[in-house]
Amino acid sequence: MSQQTLPATSAGSPGGGGGLPPRKRFGGDVIFRGTATAAGSMVLVIIAAIAVFLIVKAIPAISDDNANFFTYKEWFTDGDDPKFGIAATVFGTILTAFLALLLAVPVALGIALCLSHYAHRRVATTLGFIIDLLAAVPSVVFGLWGRDYFYEPVSNLSKWLHDTFGWLPIFGSEGPYGKSVLLGSIVLGIMILPIVTSLSREVFMQTPPENQEAALALGATKWEMIRTSVLPYGKAGIIASVMLGLGRALGETIALALTLGSVFAINFDLLGPGGVTIASNIANRFAEANEFGRGALIASGLALFAITLVVNMAARAIVYRRREFVGSA
């Protein structure tokens, strides 16, 4: 038999046997890659610009003449001898955010599990839409609602807590009960509830069905299946949702400005006459502050910027380590 020779095909032809067609120099992939890279780099540029602005404006407040900026509890920026510090505001910021998470996270995880594994599909869809809608409510609405309509119930709750658990330092205040850390933390917890719920629900719904069916096939109850397959699989996502809620709680301004007082003190009394956070102090004092006072407030904003940056970096590290552990397992 005579051997036939197949005709050679060029590298750029669509037929078989040749190489891949050459990449277009200005194709759609190149344009999209450049656009995405520019958008991602813009985030870093914006963060760097914010940091530079805060540092430049805060230099007068954190200079050697104001060495007590990080330890002083009061805030007096007017007059010839200004004395101010962020010790009380940082304490109030961390305390209210921690209490808000303590109140919101268990409820948010329970709602997320109900929507993803217990509620009927139509009911879960409707409730999920309502929860997502709550996340879009402006913070000033929550603040006005907490100040005008939630004020009385929390005052009665504060009185009951003092009468029942007054031997604890956190409930030792004898009143009068009004704006307090408890009121601000409850309102703040309600504000971050939709964020943690929505993200946790999406995480729980991504659990592989094979893992859930395997647990049920081994005789596990529904709660045992959730505890052994759903929660461990979604732990990284839960941490991310909680940290995102923490970031919202740390930076909240108007709601806390309306529900907290302006008491610069470091104590764990939740029922006393209010507290103060960095953001609420800026909102309450910025309009009436002089040039030096505005610089001091911007310096406190720099401290809040650093706190949120550290929290987000810690959250990313925890999520990354968790993903590495799951991948290696």
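Rule-based calculations on the coordinates, nothing more; no lab input. This one's a predicted model, so the numbers in the text were calculated from it and none came from an experiment. Using ideal geometry, Cβ is built from the backbone for each residue, glycine included, and neighbour counts are taken over all protein chains shown.
Scanning the chain for DSSP H helices at least 27 Å long along the axis (C-alpha atoms) with a Kyte-Doolittle mean no lower than -0.5 picks out 28-58, 87-113, 181-205, 291-328.
With a cut-off of 12 Å, note down the residues of the range 120-151 whose backbone N falls inside the zone around a label point 7 Å from the Cα of Lys222 toward its beta carbon. Residues 120-121 fall inside that zone. Ellipsoid semi-axes for the chain, based on the Cα gyration tensor and the rule √(5λ), read 49, 32, 17 Å when sorted largest first. When only the Cβ of Lys, Arg, Asp and Glu is charged (+1, +1, -1, -1), the dipole of the range 111-197 relative to its Cα centre reaches about 280 debye.
Spacing of the modelled spin labels on Asp78 and Thr125, each 7 Å from Cα toward Cβ, amounts to 5.9 nm.
Springs between alpha-carbon atoms under 10 Å, Gaussian network over the chain: tell me which of Ile254, Ile130, Ile190 tops the mean-square fluctuations. It is Ile130.
The distance linking the range 264-300 with the range 137-172 is 21 Å (Cα centroid to Cα centroid, whole angstrom).
Using the alpha carbons alone, the radius of gyration of the range 234-317 stands to its Kirkwood radius in an Rg to Rh ratio of 1.05. Straight-line reach from Lys235: which lysines fall under 30 Å, measuring Cα to Cα and dropping same-chain residues less than 8 apart? Filter leaves Lys222. Full extension of the segment from Glu210 to Phe286, taken as 0.36 nm per residue of separation minus the current Cα-Cα distance, would add 21.8 nm.
Rg and Dmax of the range 55-145, both derived from C-alpha coordinates alone, stand at 21.7, 66 Å. In a simple Cβ point-charge model (Lys, Arg +1; Asp, Glu -1; nothing else charged), the range 155-265 has a dipole of about 120 debye relative to its Cα centre. Taking chymotrypsin sites (Phe, Trp or Tyr not before Pro) as exposed when DSSP calls them loop and at most 15 other C-beta atoms lie within 10 angstrom, the chain has its longest site-free stretch at 27-148.
Taking 10 °C and 1.306 mPa s as conditions, the range 65-217 diffuses translationally at an estimated 84 µm²/s according to Stokes-Einstein applied to its Kirkwood radius (Cα pairs). Entry note, the chain: relative contact order of 24 percent, from Cα contacts under 8 Å with a spacing of 6+ residues. With only the Cα atoms considered, the range 121-176 has a convex hull volume of 135 Å³ per residue.
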